Every structure is written in structure tokens, then in C-alpha cells.
1. Cβ contacts < 8 Å: first residue over 15 Å from residue 131 (Cα atoms), restricted to the range 80-92; second residue loosely packed, with under 14 Cβ neighbours inside 10 Å and modelled with pLDDT of 95 or more, any location; separation 6+ or different chain. Result?
2. Given the residues 125, 79, 68, which is the only one that is in the same structural domain as residue 54 (by TED's automatic domain parsing) and farther than 23 Å from residue 50 by Cβ?
3. Which one is nearest to residue 130 (Cα to Cα), of the residues in the range 102-113 that are surrounded by fewer than 17 Cβ atoms within 10 Å (Cβ to Cβ) and in contact with a strand residue (DSSP E or B) (Cβ under 6 Å, 6 or more places away or on another chain)?
4. Please determine whether any residue of the range 66-75 is part of a loop (DSSP other than H, G, I, E, B) and at pLDDT 95 or above.
């Protein structure tokens, strides 16, 4: 009889232990399932670790489910390279997306985004990431300086060529002495030709006069004598 009672007690204790183990396992399963149900960030702009050419006006975070929209439940900070928080105003929640406006003139460098929200299951979640704004080189169309001296040089050369300038003589002026010399040679040569022609004509007349017969008047004088 006593042995049967001991066996019954042992069975009850064993069932109680198994029940406790089952309850513990169920609690752990529920806890893990609840933890797995926390919302998480699925996208962002700028993207984590990315480099952008222009500083954004605002950043956006997109979560896997709608988050708690209470103002105190959403906190976003954007820390500039110099350590200042450039987030301007309060975050704006629209469904699963949270937007945060940024101050202008942020400058280049690495920025750190720190965020904290309350998941749809009531649990707070938070994280941070960085993005970089690169320095842009702005190319401006700067007019090329004009050399005024170089622009005036052609005009001066043209004036000298026309004979109105006061610079060095042009190529045409260098030919004038040669042309004058050639003209003098032509004139002198022409004069010599004229003189020689007249001399020839005179010698011919003298030669013709010397060889012509005496005139009739001379014969009459000779007969009278």
C-alpha cells in the first residue's frame, strides 16, 4: 500500500516537472517570437555608407512596419563633421517612412545619422549609420584676359604700310632709292643717245658739203678774172 502511494507521488512530481518545462519553453518561444516581431529599418536616403555629390535637404528612413507616431517616440539626429546636429525641426512620420529636414549649408564631410523609434509592438529600437558628402569642384566660365597691346599692333603696322606711321620704313620705302637710280640711268642714257645721234647727223652734213661740186657763182668769178 505504501509502495503504491510512493509511486503515485513520483508520477505526480514527474508530471509537474514536465509541465513546468513545457511552460518555460512556451514562454521562451513567445519571447523570441515577440522579439523577432520588432520593426526594423529596410531603406534609407542617403544610403548607409554611401557618398553623395550634393548635401541632401532631408533624410528618410523606411521601416518594415508602421511605427508609433508620437512625437516623443521618434528622435533623429544628423551629426555634421564639426559635431553639430544639423537636423532642423521635428521628424515627419508618414506610414512606414520617417523624414527629417536638414539645415542648409552643411558643407562636405562624413555625417552620422542617429535614430530612435518605437516599434509597432511597443518596443523601442535604435541604430546609427554614416554617409559622406563629397566636395564639388564648380567650373566657371572665366573670360580670357585680352592683351590690348597685341590688339593695337596690327593697326600700327597698317599705318606704317600706308606711309602715315612714324615707325620703321616699310618694304615699299626701301625700293624707292633703287627706282630713283634706275630712272637716273634711263635719263642719262637717253641724253647720251640724243647727243650721239646729233653728232652723227652733223658729221654727215659736213662730209656731204665737202664732197659736193663748186657753186655757179664761184665759176663766174673765176671766168671774169
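1. Matching pairs, first to second residue: none at all.
2. Working: 125 fails: farther than 23 Å from residue 50 by Cβ; 79 fails: farther than 23 Å from residue 50 by Cβ.
Checking each option against the conditions leaves just 68.
3. Initial filter on the range 102-113 (surrounded by fewer than 17 Cβ atoms within 10 Å (Cβ to Cβ)): 103-105, 107-110, 112.
The next check asks that each one be in contact with a strand residue (DSSP E or B) (Cβ under 6 Å, 6 or more places away or on another chain); those that pass are 108, 110, 112.
Details: 108: 13, 110: 7, 112: 4 Å.
Only one residue fits best here, namely 112.
4. no
The values are calculated or read from the model by the stated rules, or taken from the named source; none is laboratory data. Note that the structure is a prediction, hence the values are computed from the model and not measured. Methodologically, a virtual Cβ is constructed for each residue, glycine included, from the backbone with ideal geometry; neighbour enumeration extends over all protein chains shown.
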